[in-house]
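A short write-up of the structure that comes next.
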Amino acid sequence: MGDAGFWDNQEKAQALVAELSRLKGLTGSLGELISGADDLAVLIEFAEEEDSDDSESIQELKQTVDKLQKLLEQVELQTLLGQPDDVANAYVTIQAGEGGTDAADWAEMLLMMYIRWAEKRGFSLEMYERTNGEEAGIRHATLLVKGDYAYGYLKGESGNHRLVRISPFNSAGKRQTAFAAVDVTPELDDAGAIEIDWDKEVREETMRAGGAGGQHVNKTESAVRLTHLATGAVVRCQNERSQHQNRAAARKMLLAKLRQLELEKQDAEIAMKRGEKSKIGFGGETVRNYVLQPEQFVKDTRSGLKTANPLSVLNGELDPYLEAYLKWSMGKEVANSDS
């Protein structure tokens, strides 16, 4: 960073500054744990010299233990985000599945859940594409979540999400099951390493962007959809005003998705799960169930974590589930909560 031409390449310089900040945060926490251990040793000596359980040394010892316990949990969680792609921004794609209008509404509820979660973390957001449902909700949407370790935290969200509730779209007030699929892909700067013949290997379609956007969006075919013929991978982008900008963004997304698919081929279990989740409905693998009536709970089918407040989860309180998945993926036991 001290080099004279460090800031000549703004994008590269900012990435390096961000990396330095992340490393300082990790090493700073480790240093605080080490110094905290020394403090504990001293406090224990003081506490042993005092007879009362309510002594000042005992109280200070308890407070220090609580503080270091929370810090230790944060550091342990950080170690679970050790894969090269974990630090990247994340493309979150949501697609409505079986369930008709309820499924479209459920897809939008999931979209809002991730938006609220990202906002609570201070992450920035870009809506790349959104296709509204016929009556309510969305049929499809792609969101870019920008922040440190966004992909690492969200990668476990990929899969089918099932909602069970009394349908607001059913005049008989019957319970309805709806499905939506979530796919999370890292935004990678080096995805261009994948060579692709855009004319022969990819089908490009242009269309008018859906939703709000003014006269330009409604009258110009600026939205772009790319389909990789060999794998069937599909990406869409409509957030930019020009077709050229949308094409560039869509190509970047497609390269990132193809790289992820290539990496997943190296893991037979993950590849199998990706195949099973292709059916967004009954018979497909579900990663999480959200039940609003008659009971109220959210349960992750992988980690086994179950909580009794689905509305808080839908309001963006996702961290317990994200952390539970990371621990589960490393073979660690996950404790359930009734809160």
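Bear in mind that the values in this text are calculations on the coordinates, not laboratory data. These numbers were taken from a predicted model, which means no experiment stands behind them. Glycine also receives a Cβ, built like all others from the backbone with ideal geometry; neighbour counts cover every protein chain displayed.
So, by mean Cβ neighbours within 10 angstrom, what's the order for 82-95, 120-133 with the highest one leading?
Numbers: 82-95: 19.8, 120-133: 16.6.
Highest to lowest by the protection proxy: 82-95, 120-133.
Nearest 10 degrees is fine. How inclined is helix 101-121 to the longest principal axis of the chain, computing both from alpha carbons?
40
If you wrap a convex hull around the C-alpha atoms of region 6-79 and split its volume per residue, what is the figure in Å³? Walk me through the intermediate numbers first.
On the way: hull volume 7.0 nm³, N = 74.
Taking only Cα atoms, region 6-79 has a hull volume of 95 Å³ per residue.
Taking the mean number of other Cβ atoms within 10 Å as a proxy for protection, how do you rank 318-328, 22-32 from highest to lowest? List each step's numbers first, then the result.
Working: 318-328: 20.0, 22-32: 12.0.
Top to bottom by mean Cβ count within 10 Å: 318-328, 22-32.
If r is the Cβ-Cβ distance from Met330 to Glu119 and R0 is 45 Å, what FRET efficiency results, to the nearest 0.05?
Working: r = 28 Å, r/R0 = 0.62.
Working from the Cβ atoms, E equals 0.95.
Between Arg175 and Glu73, what is the label-to-label distance in nm when each label sits 7 Å out along the Cα-to-Cβ direction?
Here the modelled spin labels are 3.3 nm apart.
Just to verify a number: FRET efficiency for Glu32 and Asn132, C-beta to C-beta distance, R0 = 51 Å, to 0.05? Before the final figure, lay out each step's value.
Values: r = 48 Å, r/R0 = 0.94.
The value I calculate is 0.60.
Picking from Gln176, Gly331, Gln260, whose Cα lies most toward the positive end of the charge dipole for the chain (charges on Cβ: Lys, Arg +1; Asp, Glu -1)?
Checking the options against the dipole of the chain, the answer is Gln176.
Per DSSP H run of at least 4 residues, take -39500 (n - 2.57); add these up for the chain, divide by its residues and hand me the 222 nm value, nearest 500 deg cm²/dmol. It would help to have the intermediate numbers written out before the result.
Values: 10 runs with 147 residues, N = 339.
Calculated at 222 nm, the ellipticity per residue is -14000 deg cm²/dmol.
Stretch Thr227-Gln293 to full length: gain in nm at 0.36 nm per residue minus the Cα-Cα span?
In short, 19.9 nm is gained.
Dipole of region 6-79 (Lys/Arg Cβ +1, Asp/Glu Cβ -1, origin at the Cα centre): which of Thr64, Leu40, Gln78 lies farthest to the positive side?
Gln78
Note down the magnitude of the dipole of the chain about its Cα centre, charges +1 on Lys and Arg C-beta and -1 on Asp and Glu C-beta and zero elsewhere, to the nearest 20 debye. List each step's numbers first, then the result.
On the way: 40 positive and 57 negative charges, 500 e Å.
Its charge dipole is roughly 2400 debye.
Between 0 and 90 degrees, rounded to the nearest ten: what's the tilt of helix 243-264 against the longest Cα principal axis of the chain?
Between the helix axis and the principal axis of the chain, the angle is about 60 degrees.
Fully extended, how many nm does the chain gain between Val17 and Glu45 (0.36 nm per residue separation, minus their Cα-Cα distance)? Before the final figure, lay out the partial values.
Numbers: separation 28, 0.36 × 28 = 10.08 nm, distance 4.22 nm.
Working it through step by step, the gained length comes to 5.9 nm.
Would you indicate which of (i) 189; (ii) 127; (iii) 166 is the value of volume of the Cα convex hull per residue in Å³ derived from the coordinates of this structure?
Recomputing volume of the Cα convex hull per residue in Å³ here picks out (i).
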